[in-house]
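Inspection log for the structure reproduced underneath, given as structure tokens.
The values are calculated or read from the model by the stated rules, or taken from the named source; none is laboratory data. What you are looking at is a predicted structure, and each value in this text was computed from that prediction instead of being measured. In this analysis, Cβ positions are derived from the backbone assuming ideal geometry, glycine residues included, and neighbour counts consider all displayed protein chains.
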Amino acid sequence: MIPVSIRQSREKVTVGKPINFRGLVYGPTNEQGVVYLFSLIAEDLNIRVESIQQGYPDCTAIRYAGRKKWERISIEFEYLSSGFDHDPTKCDLLVCWEDDLSTQDKAKLRGLEILELRSIINTPEIPNRELKDPDEPLSRKEEEYDLTYHFARSKVTESTQQLFNMADKAVLGLDKSVWRKFAKTAITYYSPERMFVFLRLTKNSLRLNLFTNQQEIEGVSNIHGHENWGRIDVKREADIETLTNAAKRSLQLMQNAIQQGISTGWYALANIRHGLIRS
């Protein structure tokens, strides 16, 4: 039994909102929690950590830039983005739990990229994973999620395979920096920093979510509850041109949003309510 004097002197622990994400029960309440959560998803973000150190910036890493190339980046961690008080020219990426900076304050950061963790976890880009007991067999390895896997998983027809090949060529052809990644349930396309197109195969069509930043894009319908993203279905060859134009606009909006420090996650707050939209 613990002595009463020790029990009474022990401070109570405060926790964040329950998130039950990859073994982390509660959301971060401080910078250390942000660092731990980042470590759980760094691979999903296509980032490999080289070092974590004291002083500014907190972390040195490399991030995949597509086409077999990696770029070295400096990362700073903060619980709130407003806690950043360093020279923004010496950092590439600010990782925080909540992005609470105003438009005016973001302008002072000179284009520093901001990544808000709470708006990207448990999303198509950063999905949760089933926790298993240590003695249970491992699930399929991610590297096995190739195109053959996706065609078989969705039992796609030959015509749908042809549609995918045309759509895939169109999106990858938008810019030399765009690249593709196979996940368990979808095929994703990057800008190269962030996902801007999320493609699911069905037997007879392609279903795509595109980043819109609350902008109207021809052929793209709104997704209720996800103001930053829209949807487009490709069912025939005639839809490829509409998709190409929509994806081109989506890529531009994503690149602009990154430059302006706007949260782009699936669950990010509607930026239009905060005056953050710029065409």
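Quick rundown of the values:
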| quantity | calculated |
| --- | --- |
| Unique residue being surrounded by 12 or more Cβ atoms within 10 Å (Cβ to Cβ) and not in a loop (DSSP other than H, G, I, E, B) when the list is ALA170, ALA152 | ALA170 |
| Yes/no for SER177 being among the hydroxyl-bearing types (Ser, Thr, Tyr), buried (at least 17 other Cβ atoms within 10 Å of the Cβ) and either assigned by TED's automatic domain parsing to the domain that holds ARG231 or in contact with a Ser or Thr (Cβ under 7 Å, 6 or more places away or on another chain) (or both) | no |
| Candidates ARG180, ARG129, filtered to the one that is closer than 22 Å to TRP266 by Cβ and in a loop (DSSP other than H, G, I, E, B) | ARG129 |
| Qualifying residue in the stretch 99-115 (condition: closer than 23 Å to ILE232 by Cα, out of contact with any Phe, Trp or Tyr (no Cβ under 7 Å at 6 or more places or on another chain), of a type in the set (S, T, N, Q) and surrounded by 13 or more Cβ atoms within 10 Å (Cβ to Cβ)) | no |
| Residues that are more than 17 Å from GLN259 (Cα to Cα), touching a helix residue (DSSP H, G or I) at 6+ places or on another chain (Cβ under 9 Å) and either in a loop (DSSP other than H, G, I, E, B) or among the β-branched types (Val, Ile, Thr) (or both), drawn from the stretch 86-125 | ILE120, ILE121 |
| The stretch 216-254, subset closer than 28 Å to ASP105 by Cα and surrounded by fewer than 17 Cβ atoms within 10 Å (Cβ to Cβ), residue modelled with the highest pLDDT | GLU216 |
| Selection within the stretch 116-166 - assigned by TED's automatic domain parsing to the domain that holds GLY23 and touching a Leu at 6+ places or on another chain (Cβ under 6 Å) | LEU117 |
